[in-house]
């Protein structure tokens, strides 16, 4: 599939000497949902701001839908819809007016039917004549998305789209993002909620200290880097881990009623069968076994800690 965003050698340095981005290379395919994860200050917002034309890069090249963000700013910017973290809009303006005005800023001809569709899709049509200040935080967030979609962009950037939104509205937002993808819109989101990436993303990028640590298909990432945890529920509790189990580095849980063993799914031998055999040799009975795959959050934390240690 063709790349709709191409980033090559992207850098950003400030007068203080701080390097916010250090030679980032990334291609984002048309129609995909790409989640960019990273701790605070990692460079997520800086990268988005550069691609959207709000911050000038120190070096490198970025194209959006074939338009260079520097030499063809208007072409690249018209292809992008941006929903920033901050809820920045005129609080005294009506919902329908602010969305219609946003479309006009991009030189698009008036299209009342399209604006109505956007507002209906975002459950805002009944609030179209309300002033922004009369809306809840979640509804204001929807207005920001409506503004970003008003000029029919091919790419939608969502910078922390569900920050400060309750669980129910967050689920609605996930549903909306999935529906947008079906229309062909490419979606790039940054998020602190790991479950959002796990729920929606096709691919995941992890950025830390201005460097893109990893870019991977979500399913491949979890298979490649994920570990599994085997929990053995014992017939009788143990007061301590027998020394004979030392090579497996097991831990006792639930007041000695469970043994927990973490193993690498990539290993040629996971050690599970030999561990269970050893339990039998030691006369340690068990009544249940359970395995659990590492979550994307576990993988993310592991990657960031690995980078800090390097």
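Just a few scattered comments:
- Test result for residue 145, in a strand (DSSP E or B), closer than 25 Å to residue 4 by Cβ, in contact (Cβ under 8 Å) with a residue 60 or more places away in the chain and touching a helix residue (DSSP H, G or I) at 6+ places or on another chain (Cβ under 9 Å): no
- Candidate set: segment 250-281, residues that are part of a loop (DSSP other than H, G, I, E, B) and under 34 Å from the mean Cα position of the chain (by Cα); chosen: the one surrounded by the most Cβ atoms within 10 Å (Cβ to Cβ): 250
- Condition check for residue 50: assigned by TED's automatic domain parsing to the domain that holds residue 184, touching a helix residue (DSSP H, G or I) at 6+ places or on another chain (Cβ under 7 Å) and outside any loop (DSSP other than H, G, I, E, B): no
- Test: residue in segment 284-296 that is in a helix (DSSP H, G or I), at pLDDT below 90 and under 33 Å from the mean Cα position of the chain (by Cα): yes
- Members of segment 1-33 found to be surrounded by fewer than 20 Cβ atoms within 10 Å (Cβ to Cβ) and in a strand (DSSP E or B), listed by number: 3, 6, 8, 9, 11, 13, 19, 22, 23, 25, 27, 29
- Residues being at pLDDT 95 or above and either touching a strand residue (DSSP E or B) at 6+ places or on another chain (Cβ under 8 Å) or assigned to a loop (DSSP other than H, G, I, E, B) (or both) - total across segment 110-130: 4
The values are calculated or read from the model by the stated rules, or taken from the named source; none is laboratory data. Just so we're clear, the structure is a prediction, and the values are computed from it rather than from any experiment. Cβ: placed from backbone, ideal geometry, glycine included. Neighbour counts: every protein chain shown.
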